[in-house]
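*Asks:* Mind looking over this structure? Questions follow.
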There are 2 protein chains.
Amino acid sequence: MHHAFEVDESWMREEGASTAEWLTERPSPSRILQRDECLYCMGAAAEGVHEVVTGVLKSVVVHPDGREQVVGFHVPGDIVGYDALVQSTRSCSVVALDTAGVRSLPPVCLGRQGAETAALADIVTGLFRDLQRLTDQIYLERATTRQRVAAFLLHQARDLARQGCSERELVLPMNRRDLACFLGLAPETLCRALSVLRRRRLIGVERNVIHIRDSAGLQAEAAGNE
Amino acid sequence: MHHAFEVDESWMREEGASTAEWLTERPSPSRILQRDECLYCMGAAAEGVHEVVTGVLKSVVVHPDGREQVVGFHVPGDIVGYDALVQSTRSCSVVALDTAGVRSLPPVCLGRQGAETAALADIVTGLFRDLQRLTDQIYLERATTRQRVAAFLLHQARDLARQGCSERELVLPMNRRDLACFLGLAPETLCRALSVLRRRRLIGVERNVIHIRDSAGLQAEAAGNE
DNA sequence: CGACAAATTGAGTGTTTTCAACGATCGTGG
DNA sequence: CCACGATCGTTGAAAACACTCAATTTGTCG
């Protein structure tokens, strides 16, 4: 498979004002979650929408055959729980990867006339962002392992840089298993890909800390130019 | 030509007529598209949201390298063009697979106060449905070829049944290449998978007409029980 | 230190892709 | 009406790729 796709801004999450905005002022969490604690569980009654304030969470879907799929990771500023707006039960579980803080957003009733249109606009924007992210992810699903991993690392670095962290020294908040599950790989395959990138001097790997040594090389890798 | 199985000749009706006997009355299209004609193109100015009235369209993302990804198919009743609500340029192209009719929906301004909340609610619902469909698709991406194909056929059958067509005799509106692209497979792989399902007596394949002979067997196949 | 889990590496297996060839279908023009 | 070419669909064989299973190393915590 030789998908030579560019890693340009287009597949990154929608940028925008939310970036600088939450850097400066961040609301205080109304609830603190411990590691592996559920914000809510699949199948439970859906009540309300939440914003991630600190920490990282994952959305997990458990399929009838028992396989679990990590649908996405959520960093501060992200909104989770849209399903509450449309249906009565949760369609996925949201779990804290580590200690994390979230806050509840004011309830919005879709059916009622005169509902807060501003809130609805935010929701539409957030949903659309998720939609694009999923589309991008589907494209990544069809790339080779190394492309996927390289693209993910660049994406992550970009994300962290926006939050003021170094863009060369990125700390993965999730373990290999979760990351592999998210990327749709076997943990061993992910590990091998990281090893290859390390051997090629593109990155340094120190457990959960990835050091990006050759950003351009990584982009070439993500684009399929080997 | 010898039919290896009973073929209901009703599918001989022209393509757009697959939805001819719709239960409720449907709005009249404001625009007719010919085969391979673009409703709108990726990168173009995004203006307005459309509803599919007749025929089938596909959403296509063309990547910098020229490769194209079929993001989804749209049947009558579907809404396309949500990106106009959020951004100024189209993020994908929408192309008619065959003659198709669409109508423009009344414009909705996200920012304005007192906007039509009913319309917004519809939009949120539609977006959320797309989101779930993409989540399902990502799950399918990680399944084997036969699972993917079986699941797609069942999904398609269910869709058509909702429109009053036979749920055993389904007409694929897209060619193998588009379908393979949508499923993330090589056309040859898709073809082989169909042949396997046919050899197992789960389906009959006659060009673009798929006859579902063993729905339960197909479901087992889709679930991974072989 | 020792036990346990996570991460890494190796070898073998299975699936999908690629490349190539062939048959069928359809539209066009002679 | 038929021949022709173009496209699509199908099948075969070989290669590339990721997965599974197993063993080893590394890191963490009691």
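The values are calculated or read from the model by the stated rules, or taken from the named source; none is laboratory data. Remember, predicted model here, so these are calculated numbers, not experimental data. No Cβ is skipped: glycine too gets one built from the backbone with ideal geometry, and neighbour counts run over all protein chains shown.
*Asks:* Looking at the structure I just gave you, is B:ARG192 part of a loop (DSSP other than H, G, I, E, B), over 28 Å from B:ALA100 (Cβ atoms) and charged (D, E, K, R)?
*Replies:* Taking the combined requirement at face value, the residue does not satisfy it.
*Asks:* Have a look at A:LEU154, A:LEU218 and point out the one that is over 29 Å from B:ARG129 (Cα atoms), over 17 Å from the mean Cα position of the chain (by Cα), more than 15 Å from DNA strand C (Cβ to nearest atom) and not acidic (Asp, Glu).
*Replies:* One residue alone meets the criteria, A:LEU218.
*Asks:* Can I ask one more? Of all residues in the range A:110-132, which are more than 7 Å from chain B (Cβ to nearest Cβ) and either modelled with pLDDT of 80 or more or in contact with a strand residue (DSSP E or B) (Cβ under 6 Å, 6 or more places away or on another chain) (or both)?
*Replies:* A:GLY126, A:ARG129, listed by residue number.
*Asks:* Here's a follow-up. State whether the residues of the range B:186-194 include one that is modelled with pLDDT under 95 and more than 9 Å from every other protein chain (Cβ to nearest Cβ). Outline the logic, then answer.
*Replies:* Residues of the range B:186-194 modelled with pLDDT under 95: none.
No - not one qualifying residue is present in the range B:186-194.
*Asks:* A follow-up question, please. Which of the residues belonging to the range A:30-51 are basic (Lys, Arg) and not in a loop (DSSP other than H, G, I, E, B)?
*Replies:* A:ARG31
*Asks:* Are there any pairs with C-beta distances below 8 angstrom linking a residue in the range A:176-193 that is on the phi > 0 side of the Ramachandran plot to a residue that is more than 8 Å from DNA strand C (Cβ to nearest atom) and in a helix (DSSP H, G or I), with the two at least 6 apart or on different chains, and if so which?
*Replies:* Sorted first by the residue in the range A:176-193, then by its partner, the pairs are A:GLY184/A:GLU141; A:GLY184/A:ARG148; A:GLY184/B:ILE138; A:GLY184/B:GLU141.
*Asks:* So, in the range B:120-169, of the ones that are touching a residue at least 60 places away in the same chain (Cβ under 8 Å) and touching an Asp or Glu at 6+ places or on another chain (Cβ under 7 Å), which residue ends up nearest to A:VAL124 (Cα to Cα)?
*Replies:* Within the range B:120-169, the match that is nearest to A:VAL124 (Cα to Cα) is B:LEU160.
*Asks:* I'm trying to understand the selection: among the residues of the range B:169-200, which are within 9 Å of DNA strand C (Cβ to nearest atom) and either basic (Lys, Arg) or under 16 Å from the mean Cα position of the chain (by Cα) (or both)?
*Replies:* Passing the criteria: B:ALA180, B:LEU183, B:GLY184, B:ARG192.
*Asks:* For the subset of the range B:133-175 comprising residues that are assigned to a loop (DSSP other than H, G, I, E, B) and over 21 Å from B:ILE203 (Cβ atoms), which member is farthest from the other protein chains (Cβ to nearest Cβ)?
*Replies:* Taking the candidates together, the pick is B:GLY164.
The rows are residues; the columns are (1) among the basic types (Lys, Arg); (2) away from DNA strand D (no atom under 15 Å from the Cβ); (3) part of a strand (DSSP E or B).
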| position | (1), (2), (3) |
| --- | --- |
| A:CYS181 | no, no, no |
| A:GLU188 | no, no, no |
| A:VAL205 | no, no, yes |
| A:HIS211 | no, no, yes |
| A:ALA216 | no, yes, no |
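*Asks:* Test of understanding: among B:ARG176, B:ARG146, which residue is within 9 Å of DNA strand D (Cβ to nearest atom) and touching a Leu at 6+ places or on another chain (Cβ under 9 Å)?
*Replies:* The match here is B:ARG176.
*Asks:* Still on this structure, please answer the following. Name the one entry in A:ARG142, A:ARG162, A:ARG133 that is closer than 20 Å to A:VAL60 by Cβ and either of a type in the set (D, E, K, R) or within 13 Å of DNA strand C (Cβ to nearest atom) (or both).
*Replies:* Details: A:ARG142 fails: closer than 20 Å to A:VAL60 by Cβ; A:ARG162 fails: closer than 20 Å to A:VAL60 by Cβ.
Checking each option against the conditions leaves just A:ARG133.
*Asks:* Then there is this: Could you grab me the full set of residues in the range A:180-226 that are under 17 Å from A:ARG158 (Cα atoms) and surrounded by 19 or more Cβ atoms within 10 Å (Cβ to Cβ)?
*Replies:* Passing the criteria: A:LEU202, A:ILE203, A:ILE210, A:ILE212, A:LEU218, A:GLU221, A:ALA222, A:ALA223.
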